[in-house]
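Presented below is the structure to which this report refers.
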Amino acid sequence: MRTEGARDAALVGALFNPRGVALIGASDDASKIGGRPLRYLLRHGFTGPVYPINPRRRRVMGALAYPDLASVPGPIDHAHVLVPTAAVIDAVAACGAAGVPVASILASGFAEAGREGIRRQARLMETARRFGVRVIGPSCLGVVDTKTPLALTANAAFEREALPTGPLMVISQSGSLLGALLGRGAARGLGFSKLVSIGNEADVTVGELGAACVDDPETGAFLLFLETIRDRDALARFARAAFAVGKPVIAYKLGRSRAGQAMAVTHTGALVASDAAVDAFLESLGIIRVDHFEALLEVAPLAIGRRPWRGKRARIGVVTTTGGGAAMAVDRMGILGLDVAAPAPKTRARLAARDIDASGGPVVDLTLAGARPDVVRGAIEAMLDGPEFAAVLAVVGSSASFKPELAVKPIAECAGASTPVCAFVVPEAPESLRLLAAAGIAAFRTPESCADALRAFVHWRAPKRVTPRRRFAAAEALLASYAGRANADEWRAREVLSALGVPFARAVRLAPASVKNAKLPFPFPVAAKIVAPDAIHKTEIGGVALEIADRRALVAAADGIVSRFRAHTGTVEGAAILVAPMVRGLAEVLVGYRVDAQAGPVVVLGAGGITAELGADLAVRVAPVTKRDARAMIADVASLAPVRGFRGLPKGDVAALANAISALSNLAHLAGGPIVEAEVNPLIVRGEGVVAVDAVLRLAGDRDLR
């Protein structure tokens, strides 16, 4: 039996350095998509045998053609399938019969094309697995290796005369973006080791391919263009392996907005989930996520050969020859919450020793008069020697266009310092960008991508430690007892979450008819609410009564709750009244849990109560979280500042809140069970302790909570 390493090596070898390539459906017309791969293979110097497969022609663009794979005289490691969608499955079967280990499939019309496409893709993979063929795609627009060299693609961007070689490996779910990245990278002097259009990932996924290439000596960083996350476990293994060997993984992922999410669904046939959950997932894996497409390329030199910033406060130092250009960058960084800081006293002293005045604010402005090599380099070196900066940004004005030796070359000469230096080149200056790229300096064309890249870099974290699976026997037993039932009502939710360690207020569960004579184990005032599987948002259906002062008021409130619930659902069968003491505190928070379609189990913290909205003021982490992680979540939610202690206000029990968040996040340890969503809202934060007063639990297969 071959080891995983041997399987990876076999896949990589067949994909990128094949003994022979077959072009199934190759066209003799060089202007057609089916004719491009042969032309690009020849143009870019592939020296191995290429076998066009075309039963209607003896020659294709001058090369000897073959009617089928069985007629080919030599070994074939990689078949690029160019036939129409309806003929793809037969072509893959032919690959299997001929012993071809890998097929990359250009055609679309599979999982992204609705139900029939999903069924077609299932038949494709059934055939591929039966014959032992690994599949790249469908919707694969190419597989490129610049060292082999192999340009097995129909992407028109490969009309270029030469392939820009370098350390960047691109894996893109969008085929056309290969060309965009190639062109933009080449214009900046950035080069690539490999570029792969992974398409639908019917078989080989982003994570599997990335993991197989982690040890590639030609690759120093991975750039991912993602429309969705299909196999989070494989992506996690890849990201952790890449981090372990010092190769950053950088991702641009669609779906930040609702419109972008809808486009991603249309384009990939994937379920798109909460972007905040995806953010948390990628961060937990040590993946650098950028918001700007430009930054996907531009941030790479900033991260290659480095580790995440480990200080408590990441400050950015800025030195410039153009005040206006620096102001644009600083403004954008401020919008993103970056801390642009003035040099510390010792750094100012080093600058002063070089006759550089750094007393004018957070930016060291050399002015136009300072655009001289000795001044620029001296200023940057003085700032790089200071321990206060996570990175130093040099902003260069017009001299970058025609006299790069004045201010750009000195920046390049500062490469290799322990503190990274990067550059924002304000004018259009391609030669300066190439000069900086050759030195390994991250260089930016716009203030937006500059700020985005620096934000992504300073927020980069090492992968979260894998949490060993824990057993919560009591919670698991309760869940087992709910099997086959409808949505777990609040009483059952309280039982499960209490078993995990979430503290709840005392309560009793009463049949509606028994409220009048029930003995309560706590004094008035109390709260009463409906308990039933269909009663999720109780306040919206009049299912909650608060500040009930006495027994008579309790009976009246219970009657009203039951009446309104009957009007809403048509029945009160199985319903009960939950009665609990009124609980007061300093703040109300929401703690939620969900199994996200892309990111998996996540825990959410935000302001709570009946007006709680899952808006921007949230903290989201991959579950489970430690108590330390939970404290960091509390610090991230701006509206919880009073709980943390704010301007003399009473301070809440942050430690107890962190304990409760961590306890609820342990639902992730039950991920093999039926829970897909849970929520405690509100969780009351007090001066001592916290108390949960409402809970929801959603089981797999239940109706949507909303």
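Values quoted throughout were computed directly from the atomic coordinates according to the rules given, and no laboratory measurement underlies them. The structure presented is a predicted model; accordingly, all values stated were derived computationally and were not measured. Cβ placement follows ideal geometry from the backbone for every residue including glycine, while neighbour counts extend to all protein chains displayed.
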Checklist entry - Order of 575-583, 277-285 by packing, highest average Cβ count within 10 Å first? => result 277-285, 575-583
Checklist entry - What list of ³J(HN,Hα) couplings, whole Hz, do you get for the stretch 195-203 from phi and the Karplus terms 6.51, -1.76, 1.60, once you set θ to phi - 60° and write x for glycine and proline? => result 9, 9, 8, 7, x, 6, 6, 4, 10
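Please identify every one of the trypsin sites (Lys or Arg not before Pro) in the stretch 320-400 that sits in a loop by DSSP and has no more than 15 other beta carbons within 10 Å of its own beta carbon. Don't skip to the end; give the middle numbers.
Values: sites: R332, K346, R348, R350, R354, R377; in loops: R354.
Sparse-neighbourhood loop trypsin sites (Lys or Arg not before Pro): R354.
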Checklist entry - Which of rounded, prolate, oblate describes the stretch 480-536, given a ≥ b ≥ c as roots of the alpha-carbon gyration tensor eigenvalues and a/c under 1.5 marking rounded, otherwise prolate only if a/b is larger than b/c? => result oblate
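Return K32, K253, K312 ranked ascending by Cβ neighbour count within 10 Å, so the fewest neighbours appear first. Can you show the working numbers first?
On the way: K32 12, K253 24, K312 5.
Lowest count first: K312, K32, K253.
All other residues with a Cβ under 14 Å from the Cβ of N659 taken together, and with Lys, Arg as +1 and Asp, Glu as -1, what is their net charge? Please list the in-between numbers first.
On the way: positive: K627, R628, R631, R686; negative: D629, D653, E688.
Computed value for this residue: +1.
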Checklist entry - Just in the stretch 135-219: which trypsin sites (Lys or Arg not before Pro) are loop by DSSP and have at most 16 other Cβ atoms within 10 Å? => result K147, R160
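My understanding is that a pair violates if its Cα-Cα distance is over 28 Å; which of K247/K346; K346/K409; K147/K403 do that in this structure? Could you put the intermediate results ahead of the total?
On the way: K247/K346 34 Å; K346/K409 26 Å; K147/K403 34 Å.
Over 28 Å apart, Cα to Cα: K247/K346; K147/K403.
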Checklist entry - Which value, in Å to one decimal place, does the Kirkwood hydrodynamic radius take for the stretch 459-587 when every pair of different Cα atoms is included? => result 16.6 Å
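List the GluC sites (Glu not before Pro) within the stretch 549-635 that DSSP assigns to loop and that have no more than 16 neighbouring Cβ atoms inside 10 Å. Walk me through the numbers on the way to the answer.
On the way: sites: E573, E588, E613; in loops: E573, E613.
In loop regions of the stretch 549-635 (DSSP not H, G, I, E or B), the sparsely surrounded GluC sites (Glu not before Pro) are E573, E613.
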Checklist entry - Which of the lysines could be linked to K627 by a straight reach, that is with a Cα gap under 19 Å, when you skip same-chain ones fewer than 8 residues away? => result K312, K464, K651
Next on the checklist: Along each principal axis of its Cα atoms, how long is the stretch 630-694 end to end? Whole angstroms, biggest number first, please.
Outcome noted: 45, 23, 17
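Over the Cα atoms of the stretch 506-581, compute the convex hull volume and normalise it per residue, giving Å³.
Working: hull volume 5.8 nm³, N = 76.
Once divided by residue count, the hull of the stretch 506-581 is 76 Å³.
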Checklist outcome for this item: Taking Cα atoms, the helix 654-665 axis meets the longest principal axis of the chain at an angle in degrees (rounded to 10) of 70 degrees
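So what's the projected area for the chain, the Cα convex hull averaged over all directions, in nm²? Mind dumping the intermediate values first?
Numbers: hull surface 143.6 nm².
Across all orientations, the chain yields a mean hull projection of 35.9 nm².
For a quick check: sort D339, D291, D596 by the number of other beta carbons within 10 angstrom, fewest at the front.
Numbers: D339 13, D291 17, D596 23.
Result, fewest neighbours first: D339, D291, D596.
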Checklist outcome for this item: Dimensionless Rg/Rh of the stretch 4-290, both radii on Cα and Rh by Kirkwood, sits at 0.95
Item to check | aspartates and glutamates whose Cα lies under 15 Å from that of K529, excluding same-chain neighbours fewer than 8 positions away | outcome: D489, E490, E540, E547, D559, D694
Checklist entry - Hey, got the dipole for the chain? About the Cα centre, +1 on K and R Cβ, -1 on D and E Cβ, debye to the nearest 20? => result 1080 debye
Item to check | Quarter of the Cα convex hull surface for the stretch 301-458, i.e. its orientation-mean projected area (nm²) | outcome: 7.9 nm²
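Net charge near V625, counting Lys/Arg +1 and Asp/Glu -1 over other residues with Cβ under 11 Å of its Cβ? Don't skip to the end; give the middle numbers.
On the way: positive: K464, R621, K627, R628, R631; negative: D629.
Taking every other residue near V625 into account, the sum is +4.
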